[in-house]
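Student: The structure under discussion is supplied below as structure tokens; questions concerning it will follow.
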Amino acid sequence: LVTGAFSGIGLATALRLAQDGWRVYAAGRNVSKNGALITQAQALGVQIKSIAMDVTNESSIQTAIDQITQESGRLDLLVNNAGYVQFGAIEEGSIADVQAQFDTNLFGVIRMVKAVLPVMRQQGSGRIINISSIVGHIAAPYGGLYGASKFALEGLSESLSAEVRQFGVSVSLVEPSYVNTPIVTQLPTNLIADYTPGRQIAQQ
């Protein structure tokens with residue numbers, strides 16, 4: 001199961017897993033936006049099943065997990081890729097901006113982990129791969145909200161790895177550098193004139 005799989009790193013991951021022989025479920029909030037995934041899967045001669053799921057919605061997640069386990073009988077790999085970026089100075093971001101950033105990038109991962117671990121523990125095996133970022137290791141200016149969510153993900157992943165190893169479940173963390181994907185979706189809403197030059201740099 002790959003979250004955020006209809007574009008960018010998630011799409012590339014889903015395609016590669018399918019090429020390697022995995023039965024892949026590609027999850028996204030809006031299945032109507034899976035056109036690129038379907039086109040590229042057909043070109044590669046692989047089959048991938050799209051599934052509607054919103055990592056900010058627990059019932060949506062559980063419905064998807066139930067469907068996967070009913071159809072496949074197990075769940076061996078979760079790739080937590082869903083996320084987005086807000087660029088701008090920390091002072092510019094509202095608390096609502098911060099909450100929204102963490103709701104997807106961190107709490108979304110926690111929701112996914114809580115949903116799949118009962119299945120993996122029962123199996124006695126499984127793997128969770130969390131897609132972080134280089135800015136979760138070295139934070140950049142004008143990316144503080146995103147960086148903070150990824151720093152938190154790193155700590156979460158380290159603790160989770162130690163907790164679930166006893167059940168045959170492994171946890172990995174991937175820290176990509178800057179990648180040309182559609183992930184940048186919005187700026188903080190409270191824009192302060194003094195930060196305008198920095199904000200322009202951050203968008204390049």
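The values are calculated or read from the model by the stated rules, or taken from the named source; none is laboratory data. Nothing here was measured: the structure is a model prediction, and the numbers come from that model. All Cβ positions, even for glycine, are placed from backbone atoms using ideal geometry, and neighbour counts span all protein chains on display. The accessibility values were calculated without ligands, DNA or RNA, using every heavy atom of the protein model including side chains. Shrake-Rupley method; radii C 1.70, N 1.55, O 1.52, S 1.80 Å.
Student: Keeping to region 1-17, report how many residues are small (Gly, Ala, Ser) and open to solvent by less than 10 Å² (accessible area, probe 1.4 Å).
Tutor: Residues that pass the stated criteria total 3.
Student: State whether one or more residues within region 68-84 are over 30 Å from ARG23 (Cα atoms), among the hydrophobic types (A, V, I, L, M, F, W, C) and in contact with an Asp or Glu (Cβ under 9 Å, 6 or more places away or on another chain). Don't jump to the end; show me each part of the working.
Tutor: First, pick out the residues of region 68-84 that are over 30 Å from ARG23 (Cα atoms): none.
No, region 68-84 contains no residue that is over 30 Å from ARG23 (Cα atoms), among the hydrophobic types (A, V, I, L, M, F, W, C) and in contact with an Asp or Glu (Cβ under 9 Å, 6 or more places away or on another chain).
Student: Restricting to region 36-45, count the residues that are open to solvent by 30 Å² or more (accessible area, probe 1.4 Å) and touching a residue at least 12 places away in the same chain (Cβ under 8 Å). Full working, then the answer.
Tutor: Going through region 36-45, the residues open to solvent by 30 Å² or more (accessible area, probe 1.4 Å) turn out to be 36, 38-40, 42-45.
Remaining after also requiring touching a residue at least 12 places away in the same chain (Cβ under 8 Å): 36, 38, 40, 44.
Counting residues in region 36-45 that are open to solvent by 30 Å² or more (accessible area, probe 1.4 Å) and touching a residue at least 12 places away in the same chain (Cβ under 8 Å) gives 4.
Residues are listed down the side, and each one gets a yes or a no for (1) exposed (fewer than 15 other Cβ atoms within 10 Å of the Cβ); (2) modelled with pLDDT under 95; (3) among the β-branched types (Val, Ile, Thr):
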{"position": "ASN57", "(1), (2), (3)": "yes, no, no"}
{"position": "ALA64", "(1), (2), (3)": "no, no, no"}
{"position": "ARG74", "(1), (2), (3)": "yes, no, no"}
{"position": "LEU78", "(1), (2), (3)": "no, no, no"}
{"position": "GLY88", "(1), (2), (3)": "no, yes, no"}
{"position": "ARG121", "(1), (2), (3)": "no, no, no"}
{"position": "LEU145", "(1), (2), (3)": "no, yes, no"}
{"position": "ALA148", "(1), (2), (3)": "no, no, no"}
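Student: Among the residues of region 46-55, which ones are within 23 Å of GLN101 (Cβ to Cβ) and surrounded by fewer than 20 Cβ atoms within 10 Å (Cβ to Cβ)? Show your work before the answer.
Tutor: Looking only at region 46-55, we keep the residues that are within 23 Å of GLN101 (Cβ to Cβ), and these are 52-55.
Hits for region 46-55 are ALA52, ASP54.
Student: Taking the criterion of being within 27 Å of PHE102 (Cβ to Cβ) and part of a loop (DSSP other than H, G, I, E, B), would at least one residue in region 18-29 satisfy it?
Tutor: Yes, that holds for at least one residue.
Student: Shifting gears a bit: Based on what the data block shows, is ILE129 among the β-branched types (Val, Ile, Thr) and within 26 Å of ALA12 (Cβ to Cβ)?
Tutor: On the way: among the β-branched types (Val, Ile, Thr): yes; within 26 Å of ALA12 (Cβ to Cβ): yes.
Judged against the criteria, ILE129 is a match.
Student: Pull out all pairs, ordered by first then second residue, where Cβ-Cβ is under 9 Å, the residues are six or more apart or on different chains, the first lies in region 155-176 and is in contact (Cβ under 8 Å) with a residue 24 or more places away in the chain, and the second is exposed (fewer than 13 other Cβ atoms within 10 Å of the Cβ) and assigned to a strand (DSSP E or B).
Tutor: Correct list of pairs: SER157/SER172.
Student: OK, next. For region 157-186, name all the residues that are farther than 20 Å from LEU75 by Cβ and either under 14 Å from the mean Cα position of the chain (by Cα) or modelled with pLDDT of 95 or more (or both).
Tutor: GLU158, SER159, ALA162, GLU175, PRO176, THR181, PRO182, ILE183, VAL184
Student: Within region 16-35, count every residue that is of a type in the set (A, V, I, L, M), farther than 15 Å from MET112 by Cβ and at pLDDT 95 or above. Give the steps one after another, and end with the answer.
Tutor: As a first pass, look at region 16-35 and keep what is of a type in the set (A, V, I, L, M): 17-18, 24, 26-27, 31.
Pick out the ones that are also farther than 15 Å from MET112 by Cβ and you get 17-18, 24, 31.
Subsequent filtering for residues that are at pLDDT 95 or above retains 17-18, 24.
Summing the residues that are of a type in the set (A, V, I, L, M), farther than 15 Å from MET112 by Cβ and at pLDDT 95 or above in region 16-35 gives 3.
Student: Considering only residues that are under 15 Å from the mean Cα position of the chain (by Cα), assigned to a helix (DSSP H, G or I) and among the small types (Gly, Ala, Ser), which ones fall in region 112-147?
Tutor: Correct list: ALA115, GLY136, GLY147.
Student: From the list ALA82, ALA96, ALA100, exactly one residue is at negative phi, open to solvent by 10 Å² or more (accessible area, probe 1.4 Å) and outside any helix (DSSP H, G or I). Which is it?
Tutor: ALA82
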